[in-house]
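All remarks here apply to the structure that follows.
No lab work stands behind these numbers, since they all come straight from the coordinates. No experiment lies behind these values; they were computed from the predicted model shown. So basically every Cβ, Gly included, is an ideal-geometry build from the backbone, and we count neighbours across all protein chains shown.
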Amino acid sequence: MMTSLVLTVIGPDKPGLVEMLAQTITENGGNWLESGMSRLAGKFAGILITEVPEDKAATLTAALTALDAQGLKVTVEQSSAPEATGASQHFKLELVGHDKPGIVRDISSALAKRHVNVERLNTELVSGSMSAELLFKAEAELLASSDLDLDELQQDLENIASDLMVDISLDK
């Protein structure tokens, strides 16, 4: 039987970290499934899912946590079976506007009030094309029950967008 492990990794950014991680997983019977990794503020950070035979999970976990000696801190969590969900709908949110504190808080609060799950979130600061001002951009993949009224959610988000002075769109 196979076991899924969710790993979070962080360390000072330098060449070879992904190779070191992949080598450790492979040498200990694991299979790299999904990941998202980035260089952020001089650090290499990421999250990934690996699958390993159940009888090798403890050995792989020990080998991964031992990478701390080489500068890569790895946290390992065993994944439980996903909860059964009813009928659902997937959609995307895109946001762009002048950067200011509270954007993620306000948008995520509106989503949480309607029980919308954030499945993936990517944010970045970019230089505006017409000015040197920084723009905050966010893209999110969202999941909600099939009975959620997306038009009502769109209206809620538009009200927040005008307060924050950002543009928000939902793609169904």
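The table below lists the values:
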{"read-out": "Whole-Hz ³J(HN,Hα) from phi, Karplus 6.51 cos²θ - 1.76 cosθ + 1.60, for the range 6-17, glycine and proline x", "value": "9, 10, 10, 10, 7, x, x, 5, 7, x, x, 5"}
{"read-out": "The range 17-49 and the range 92-153: distance between their alpha carbon centers, rounded to Å", "value": "27"}
{"read-out": "The chain - mean residue ellipticity at 222 nm from DSSP helices (-39,500 (n - 2.57) per run, n ≥ 4, rounded to 500)", "value": "-8000 deg cm²/dmol"}
{"read-out": "Value of Rg/Rh across the chain [Cα atoms, Kirkwood radius]", "value": "1.06"}
{"read-out": "Whole-Hz couplings from phi, Karplus 6.51/-1.76/1.60, listed for the range 26-38; x for Gly and Pro", "value": "5, 4, 10, x, x, 10, 6, 9, 10, 7, x, 9, 8"}
{"read-out": "Positive minus negative residues near residue 43 (Lys, Arg vs Asp, Glu; Cβ under 11 Å)", "value": "+2"}
{"read-out": "The range 57-145 - Debye-derived log10 I(q)/I(0), Cα point model, q = 0.14 Å⁻¹", "value": "-0.79"}
{"read-out": "Amide H partners (placed H, <5 Å) of residue 44, local residues excluded", "value": "11, 13"}
